[in-house]
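K.L.:
One structure follows; several queries about it will come next.
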């Protein structure tokens, strides 16, 4: 493509007042070597007239459009010129709204930004999507409970083929084991027949859905659009091809045998699951002698919200106990249900059911800590509780005790196994071998052939629930194309799980549709660029394969890395990792950013220059927010957006410092436990690489303080300008870069 | 601290609900009520604990609980309750059950609390007074000028009937209150609550303190949502006090003359009724009647005005209000009709006044009888139980002496 430039500078929104636009036009043309007549301005560039001007130029052959106006995060629909390389230069937020107007320094910032914008387009190219062949758009749903069935139906109704895999002989999961369901309809006072059976019928008769019962996943190989899944049914295996997954493997009840202090082991102390079985059979009778129970105690948070057991709330148990109290009352109006709780937690409309149940004179509730459940003789039990409003220490007799046990995610066992294995590995090979010999390996659900392990990864502090980028994209796991839903992700009620299933099904559909267009799946859902390595120069150092957070890079038999492109999220971590600098995207490469720094930033003999490499996901919007609040940005800084701090190649730093730039700030996400980085660990990796760099800087007699990584959340915008100012103070103490002028 | 055995009683929960505490189960124990209450002691405040005790049907802890009576049903709690549990109404229901529990005979206690029994309860005084009229050989609508005592119901009849009713009530109260006091003191010995420290002081000082407190309505004035109630109650209270003084005074006039031969002097008209309007006794009586009328009418309007915030009130409440209203309205009307009769010329006097006056006076007698005879079983009993509870609260150390 021949590159014909059109450079446009908007004078609206305060830009015209802050800058001498005529001078800026001249400087841009001269500095970035574009014809002077190709640099234009307009009073309001996003107005119909302004846009018409650009469109006419495009019609007449302009292929590269550089727009100096507002932040690229706004007006992206207006400034959209298909078929062109369009680059936005943020004159409004980064200059007009944040710097002194009509000032020499301010003008210099604008000139640098305009030059950098043009250089970026000069060095870059028009993206062409890389669409892999033989893609499947079938969605595989793992788990045939309420979540899985709902996800399967949602995807099937949207016109996609679905494979529904259930490890049990029948569909339905826990939902099929219930006697009744908590009310879902106003006025939330009547128990409802389980709705799962209608759903099972519906899914079994849906022609888009193929059901594999009594089936497990033996192996999952490949990438989104091209997953090869080996299924094992009754001893025989078959391999099918699928495009994306909804992983709804569900949960298990917490092991009540660990709740001895609550009397479990006594036949008349049962779990909420057992209560459903009893209610299904008829009268509420106690297991020890089959006598009808009339004083039934429900113990909430049995092994939940308890540091010694499950530290979290399972969210459904309060609703379930209230429902089971209704079983008790409906089956025998002389019977009473006594509920001992820490706090009643009835999410959503279940609150209205709670209010209705409260009004029943035979349903007695008290807050309190149940300390023990002991034998009272004749099969009865004493519930002992403390800190109740009925008394500091109380004892109540019951003839049946129901423990409201919580949810353990199906992923927990595998994750605990691998966590323990890692721990053992740290102690040495012998400890690792001993662990492997002694510990039975739990069944994995997906059996992924990813180098990062066979299961959806765990999140630190998430108690074995499946990974989720819970802040921004709750369905996203670190395994592209595999979306978790229901109680495998977090404890939820059946209604919530069904809703969650619909969302996950939509994400799976988005995935197969995007890979079919050669687009990134998420979060850069518009992006048709892709990592395009110059393999001749690859030294097979495997840094990229190690560092890719998504397992998108594997090695062939010879140890040479290759991309499984559809797993890739286009963060550029590989680009930042590669010591040979061979990885490039069409509009983002080591060379592009390096040239922007080298040729775009004018380094004066007097005064400082500092480069800010800002993560596009949090740091850049935070800077925009600071601008909207009209906070002041230091005029010595030049902000360059990067896809992720993980994409920061250290050569940029050495390039910048060798040119006399006085300092660099890497502005990225917070990292650590419960990652919030869109690309999982970009800023963490950048920090790691930076720490190595700082050693080198010290050797070169350059102060390590010249380079700093600052962690910011999007909400830290109000602190950002001050953080930058503090950095500038430090630079002032250190003094100018000694390489200046060389 | 000793372990307490909790035995839920669903029947008692149902009793509370039936007695006007139908919202009791809505409480989720957030304690907003105890926080907004201005009359509760700071330690172990009510009404939250009473709410959960009622929810679990722990009758023993409620019936003999002095806190139930420390509550003046300001309804601040009810107005601020986030769940609509109306603690004020629930405690009102518990007080009713407490009155019924201690009153003897218990069937009468149940009857006063039940709308179904109202006709039967009214029938008793109606029959008594009809029989009395017949025994005197009087007509139901006597001829001539209106003279209630002479032509309709002679003083000895009045005295005998009302003395009997009052005696019945006093005996009922003594029995009920002594049982109540016994339970209260027993609860000190049984209780593990820190406030029940048995700080017995000089009983006479405590009683005087309590009397001072309710004469001034100091505690009642702490109410916020229904802050007019203290004033209206003060009207009613002093209306009754004035009428009690008037009654005693009238007895003195009559029997002072009959037994001690004291005759009228100055403005004091010893002797038989009727007495002139300028007689001080008459003035006290009429002023008291007007106070009572003004008070009870305000009670009714305020209650209706605050119904949404403070709750509509139970049958038990409204029966009591109804009886007082009936007494004061028929009392004043009887007097007005009699005066109207005096004020008119013979020729102009119409049969109509008599037709209205005697039935009105009859209703007045029935209403007063109702109030007297059924006092230990009706809301009237609150004056006795509340006083007892207030005395106990001071006596037991439940309350600091700040009141």
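The values are calculated or read from the model by the stated rules, or taken from the named source; none is laboratory data. If you're wondering where the values come from, they're calculated on a predicted model, not measured in any experiment. Note that we place each Cβ from the backbone using ideal geometry, even for glycine, and neighbour counts take in every protein chain shown.
K.L.:
Run residue A:638 past the list (1) touching a strand residue (DSSP E or B) at 6+ places or on another chain (Cβ under 8 Å); (2) within 22 Å of residue A:678 (Cβ to Cβ); (3) modelled with pLDDT of 95 or more and report the number of the one that doesn't hold.
P.N.:
Against the list (1) touching a strand residue (DSSP E or B) at 6+ places or on another chain (Cβ under 8 Å); (2) within 22 Å of residue A:678 (Cβ to Cβ); (3) modelled with pLDDT of 95 or more, residue A:638 comes up short only on (2).
K.L.:
Does residue A:424 count as at pLDDT below 95 and within 14 Å of another protein chain (Cβ to nearest Cβ)?
P.N.:
On the way: at pLDDT below 95: yes; within 14 Å of another protein chain (Cβ to nearest Cβ): no.
No.
K.L.:
Would you mind stating whether residue B:82 is away from chain A (no Cβ under 12 Å), in a loop (DSSP other than H, G, I, E, B) and surrounded by fewer than 21 Cβ atoms within 10 Å (Cβ to Cβ)?
P.N.:
no
K.L.:
For residue A:331, which of the numbered conditions (1) within 12 Å of chain B (Cβ to nearest Cβ); (2) farther than 26 Å from residue A:496 by Cα; (3) touching a helix residue (DSSP H, G or I) at 6+ places or on another chain (Cβ under 9 Å) fails to hold?
P.N.:
Every condition holds for residue A:331 apart from (1).
K.L.:
Give just the number: which of (1) modelled with pLDDT under 95; (2) over 30 Å from residue B:38 (Cα atoms); (3) in contact with a helix residue (DSSP H, G or I) (Cβ under 8 Å, 6 or more places away or on another chain) does residue B:129 not satisfy?
P.N.:
(1)
K.L.:
Report those helices (runs of 4 or more DSSP H) wholly inside segment A:1-83 carrying at least 3 residues which are in contact with a strand residue (DSSP E or B) (Cβ under 7 Å, 6 or more places away or on another chain).
P.N.:
Those helices (runs of 4 or more DSSP H) span A:21-32, A:48-59.
K.L.:
Against the condition in the same structural domain as residue B:323 (by TED's automatic domain parsing), under 19 Å from the mean Cα position of the chain (by Cα), surrounded by fewer than 16 Cβ atoms within 10 Å (Cβ to Cβ) and within 22 Å of residue B:371 (Cβ to Cβ), how does residue B:294 come out, does it pass? Step through it out loud before you land on a result.
P.N.:
Values: in the same structural domain as residue B:323 (by TED's automatic domain parsing): yes; under 19 Å from the mean Cα position of the chain (by Cα): yes; surrounded by fewer than 16 Cβ atoms within 10 Å (Cβ to Cβ): yes; within 22 Å of residue B:371 (Cβ to Cβ): yes.
So residue B:294 passes the test.
K.L.:
Mind telling me which of the residues A:457, A:442, A:409 ends up being at pLDDT 95 or above and away from chain B (no Cβ under 14 Å)?
P.N.:
After applying the criteria, what remains is A:409.
K.L.:
Given the criterion under 20 Å from the mean Cα position of the chain (by Cα) and modelled with pLDDT under 95, identify the matching residue among B:306, B:302.
P.N.:
Only one candidate passes the filter, namely B:302.
K.L.:
If you don't mind, another one. Only residues that are farther than 22 Å from residue A:97 by Cβ and surrounded by fewer than 20 Cβ atoms within 10 Å (Cβ to Cβ): list them for segment A:622-660, please.
P.N.:
A:650, A:651, A:654, A:655, A:658, A:659, A:660
K.L.:
Sticking with this one: So which strands (runs of 3 or more DSSP E) are wholly in segment A:193-272 and hold at least 1 residues that are within 30 Å of residue A:368 (Cβ to Cβ)?
P.N.:
Those strands (runs of 3 or more DSSP E) span A:251-253, A:269-271.
K.L.:
Against the condition touching a helix residue (DSSP H, G or I) at 6+ places or on another chain (Cβ under 6 Å), assigned to a helix (DSSP H, G or I), surrounded by 17 or more Cβ atoms within 10 Å (Cβ to Cβ) and assigned by TED's automatic domain parsing to the domain that holds residue A:456, how does residue A:152 come out, does it pass? Working first, answer last.
P.N.:
Details: touching a helix residue (DSSP H, G or I) at 6+ places or on another chain (Cβ under 6 Å): yes; assigned to a helix (DSSP H, G or I): yes; surrounded by 17 or more Cβ atoms within 10 Å (Cβ to Cβ): yes; assigned by TED's automatic domain parsing to the domain that holds residue A:456: yes.
Considered against the rule, which asks whether it is touching a helix residue (DSSP H, G or I) at 6+ places or on another chain (Cβ under 6 Å), assigned to a helix (DSSP H, G or I), surrounded by 17 or more Cβ atoms within 10 Å (Cβ to Cβ) and assigned by TED's automatic domain parsing to the domain that holds residue A:456, residue A:152 comes out as yes.
K.L.:
Restricting to segment B:35-69, and then to whatever is over 16 Å from residue B:92 (Cα atoms) and in a helix (DSSP H, G or I), can you tell me which residue is farthest from the other protein chains (Cβ to nearest Cβ)?
P.N.:
So the residue we want is B:36.
K.L.:
Of the residues that sit in segment A:353-380 and are farther than 14 Å from residue A:300 by Cβ, more than 12 Å from chain B (Cβ to nearest Cβ) and in contact (Cβ under 8 Å) with a residue 60 or more places away in the chain, which one is surrounded by the fewest Cβ atoms within 10 Å (Cβ to Cβ)?
P.N.:
A:375
K.L.:
I'd like to verify a number: residues in segment A:381-406 that are within 14 Å of chain B (Cβ to nearest Cβ), more than 12 Å from residue A:338 (Cβ to Cβ) and either touching a helix residue (DSSP H, G or I) at 6+ places or on another chain (Cβ under 7 Å) or in contact (Cβ under 8 Å) with a residue 60 or more places away in the chain (or both), how many?
P.N.:
1
K.L.:
Please state which of the following conditions residue A:534 fails to meet, knowing it meets all the rest: (1) over 28 Å from residue A:147 (Cβ atoms); (2) crowded, with 21+ Cβ neighbours inside 10 Å; (3) touching a residue at least 40 places away in the same chain (Cβ under 8 Å).
P.N.:
The number of the failed condition is (2).
K.L.:
Give the residue, chosen from A:420, A:424, A:434, that is surrounded by 15 or more Cβ atoms within 10 Å (Cβ to Cβ), outside the structural domain of residue A:316 (by TED's automatic domain parsing), assigned to a helix (DSSP H, G or I) and under 39 Å from the mean Cα position of the chain (by Cα). Step through it out loud before you land on a result.
P.N.:
Numbers: A:420 fails: surrounded by 15 or more Cβ atoms within 10 Å (Cβ to Cβ); A:434 fails: surrounded by 15 or more Cβ atoms within 10 Å (Cβ to Cβ).
Residue meeting the stated conditions: A:424.
K.L.:
Shifting gears a bit: Can you tell me which residues in segment B:1-27 are more than 7 Å from chain A (Cβ to nearest Cβ) and in contact with a helix residue (DSSP H, G or I) (Cβ under 7 Å, 6 or more places away or on another chain)?
P.N.:
Residues satisfying the conditions are B:9, B:12, B:15, B:16, B:19, B:20, B:21, B:23, B:24, B:27.
K.L.:
Continuing with the same structure: Across segment A:100-110, what is the number of residues that are in contact with a helix residue (DSSP H, G or I) (Cβ under 8 Å, 6 or more places away or on another chain) and either surrounded by fewer than 22 Cβ atoms within 10 Å (Cβ to Cβ) or under 24 Å from residue A:584 (Cα atoms) (or both)?
P.N.:
The number of residues fulfilling the criteria is 5.
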